[in-house]
Amino acid sequence: MQLPSKTVDMTKVRTVIFHLPDGKAYQVSVDGMEHFIEFGLGRICDTSDIDGVVHYFPTGNS
């Protein structure tokens, strides 16, 4: 298992895009929900400094 080298600053995140193994992607707004998000295992691409988006790829789709 690989641990992330940095944490995601959720104050900069407006949207999380979940990329599923079947090719679908779901966009979820995180306004007011930053304390409830649990990513679990997978990979995260944090572009929140640029566009406020975090891309999440669950294990098996990373």
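The values are calculated or read from the model by the stated rules, or taken from the named source; none is laboratory data. Worth saying up front: this structure is predicted, and the values here are computed from it rather than measured. Backbone-built Cβ (ideal geometry, glycine too); neighbour counts: all protein chains shown. Surface accessibility is based on the protein's heavy atoms, side chains included, excluding ligands, DNA and RNA. Shrake-Rupley method; radii C 1.70, N 1.55, O 1.52, S 1.80 Å.
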Accessible-area value, Asp31, 1.4 Å probe, nucleic acids and ligands omitted, Å²: 120 Å²
Simple spin-label estimate for Asp31 and Asp49 in nanometres, 7 Å along Cα-Cβ: 2.6 nm
